[in-house]
1. I'd like to verify a number: residues in region 20-42 that are surrounded by 13 or more Cβ atoms within 10 Å (Cβ to Cβ) and either assigned by TED's automatic domain parsing to the domain that holds residue 89 or on the phi > 0 side of the Ramachandran plot (or both), how many?
2. Looking only at region 417-454, count every residue that is assigned to a helix (DSSP H, G or I) and crowded, with 16+ Cβ neighbours inside 10 Å and tell me the total.
3. Collect the residues in region 368-398 that are out of contact with any helix residue (DSSP H, G or I) (no Cβ under 6 Å at 6 or more places or on another chain) and in a helix (DSSP H, G or I), keeping them in residue-number order.
4. Against the condition out of contact with any strand residue (DSSP E or B) (no Cβ under 8 Å at 6 or more places or on another chain) and either crowded, with 20+ Cβ neighbours inside 10 Å or part of a helix (DSSP H, G or I) (or both), how does residue 175 come out, does it pass?
5. Could you list, in sequence order, all residues of region 128-143 that are within 12 Å of residue 227 (Cα to Cα) and either surrounded by fewer than 24 Cβ atoms within 10 Å (Cβ to Cβ) or not assigned by TED's automatic domain parsing to the domain that holds residue 220 (or both)?
6. Go through region 277-317 and report how many residues are part of a loop (DSSP other than H, G, I, E, B) and either under 29 Å from residue 20 (Cα atoms) or touching a strand residue (DSSP E or B) at 6+ places or on another chain (Cβ under 9 Å) (or both).
7. What number of residues within region 152-172 satisfy the criterion of being part of a strand (DSSP E or B) and modelled with pLDDT of 95 or more?
C-alpha cells in the first residue's frame, strides 16, 4: 500500500479559516422559528432574554461567510487546526481498497468538537456584560467545553446534566467542576420544570429536552444569566463549520477529495460542522459527494421522526422549530451515546435530509462498540460512543468498496475521544450492553405531543 499521503495532515497557523461558513445563504425556503405561545414569527426581542445580540444576528443571518472575531481566533489557535488522519492501519485490517480519513476533534482541550462553539458563545456573552451562563449537557462533552470556555473568559457556569449520563459518567462531572462549573443532575430540584418532572417520575432518567428546559428557565429567571446551547441552533452549526473548512484545505494539500462524508448525529453540530462546507460544493454543482448522518436506533430522529414544527424542549420554552422530531416529551432509553439522545435535530440539517441532499442511517449500540474496538485496535485511539456511530458507517462503506473493488475516498468526523466513557466499554466487554429499538408504540406516543400549527 502506497504511503505517499501522510498519516496526519495539518495546517499552518496562517492557513486557519478566518470566517465561518453560513449555509443559510445557500438554502431556499427555510422555515422561520415561531413563538411558542402565539405561533407568530420569532423576532430578536423574543430571543434577547436568553441570548446576546451577537449570536441572535448570526442565528438569522443570510451572509455566506461571517468573520471570526480576533479574540476567538486567538483561542482557536491554541488547538486548531485539528489533524486530518489517514487510517492506514484500519484500511489494512479491513483489507479494503478504499481510502479512509478521519478529522480528529478529540485533540482539543475539551476532548471533543464542542469547544469550537463554546468559545465564541461565551465571547459574545462576555462582550455584552453577561456574568453567568446556564446550559444542559447529555453525555458531558458540551458541558465540559462550556466549563473550559467560561473559565477562559471569567464567567460562571451552571450545567444541568441528563440524569442517566450523570450517573453513567461521573468523571464528566469531575472535569466540569475542575474548570469551575456547578453541575446538577436533570431533572433537578433547582427549577420548576425539574421539580414537576420529579414529582411525576422520581426515577426519571432525564432527557436533553428536559435539561434544556431547566437551563432556559434558569436563564430566563436570572438577570445576569444567559443560555448556551451546544447543538441544533443555526449559530452553533455556523461555528462548527471550522471543521469542514479545515478539512477541505487539508484535502487540497494531499490531492484527494471525499466521495462520502460521514458523521454521528444527535442535534447535528459535529456532522453539520464537517459536512456543510462540502455540501456547498455539491449545491454549487462542483462535486457529487454523498453525505451520511448516523444516529442510534434507540433515538431515530432523522430516520423515523416527523419533519414538522415542534418545541426544542420538554417544557415548551423554546421557539417552535421546523425539524425532524420524535416529539418533545420524548425520554429516550438510557443508551451510552448520551450526546445523541435528543428528540429533534438541527433545522438546517433536517431540511437537507428532507431535500434528499443528506441521507440518514440508524445503527444499534452493540455494533457501534464493535466498530469502536476495531478502530481502537487499529488506530490506537479510543473513540467516544457517539463518534463510534460514524466509525461503524465508515467501516461498512470500506467493506462495500472492497466487495465492489473500488477505491472510494471516505471521510468521517471523529468528534471526540472516549477516555471518560470507559464504563460503556466495560459494559460492552462484559456482555452487559444490549441493543434498544425505538418501537412503533413509542413512536406513536411521541408524535401525540407534537403541536398543531395554526
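The values are calculated or read from the model by the stated rules, or taken from the named source; none is laboratory data. For clarity, every value in this text was computed on a predicted model and none was experimentally measured. Here the Cβ positions follow ideal geometry from the backbone for every residue, glycine too, while neighbour counts run over all protein chains shown.
1. Step one: of region 20-42, the residues surrounded by 13 or more Cβ atoms within 10 Å (Cβ to Cβ) are 20-27, 30-36, 39, 42.
Within this subset, residues satisfying the condition of being either assigned by TED's automatic domain parsing to the domain that holds residue 89 or on the phi > 0 side of the Ramachandran plot (or both) are 39.
The number of residues fulfilling the criteria is 1.
2. We begin by selecting, within region 417-454, every residue assigned to a helix (DSSP H, G or I); these are 422-429, 440-447.
Restricting the remaining residues to those that are crowded, with 16+ Cβ neighbours inside 10 Å gives 424-425, 427-428, 442-443, 446-447.
Looking only at that region, the number is 8.
3. Just the residues of region 368-398 that are out of contact with any helix residue (DSSP H, G or I) (no Cβ under 6 Å at 6 or more places or on another chain), to begin with: 370, 373-374, 376-377, 380-381, 384, 387, 390, 393-394, 396-397.
Within region 368-398, 370, 373, 374, 376, 377, 387, 390, 393, 394, 396, 397 qualify.
4. Details: out of contact with any strand residue (DSSP E or B) (no Cβ under 8 Å at 6 or more places or on another chain): yes; either crowded, with 20+ Cβ neighbours inside 10 Å or part of a helix (DSSP H, G or I) (or both): yes.
Yes, satisfied.
5. 130, 131, 132
6. Narrowing region 277-317 to residues part of a loop (DSSP other than H, G, I, E, B): 284-289, 297-300, 305, 312-317.
Now restrict to residues that are either under 29 Å from residue 20 (Cα atoms) or touching a strand residue (DSSP E or B) at 6+ places or on another chain (Cβ under 9 Å) (or both): 284-289, 297-300, 305, 312-313, 317.
Summing the residues that are part of a loop (DSSP other than H, G, I, E, B) and either under 29 Å from residue 20 (Cα atoms) or touching a strand residue (DSSP E or B) at 6+ places or on another chain (Cβ under 9 Å) (or both) in region 277-317 gives 14.
7. Of all residues in region 152-172, those part of a strand (DSSP E or B) come to 156-162.
Cutting the leftovers down to modelled with pLDDT of 95 or more gives us 156-161.
Selection size over region 152-172: 6.
Yes or no, residue by residue, for (1) surrounded by 24 or more Cβ atoms within 10 Å (Cβ to Cβ); (2) under 18 Å from residue 274 (Cβ atoms); (3) in the same structural domain as residue 271 (by TED's automatic domain parsing):
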| residue | (1), (2), (3) |
| --- | --- |
| 93 | no, no, yes |
| 100 | yes, yes, yes |
| 104 | no, yes, yes |
| 107 | no, yes, yes |
| 117 | yes, yes, no |
| 120 | yes, yes, no |
| 123 | no, no, no |
| 126 | no, no, no |
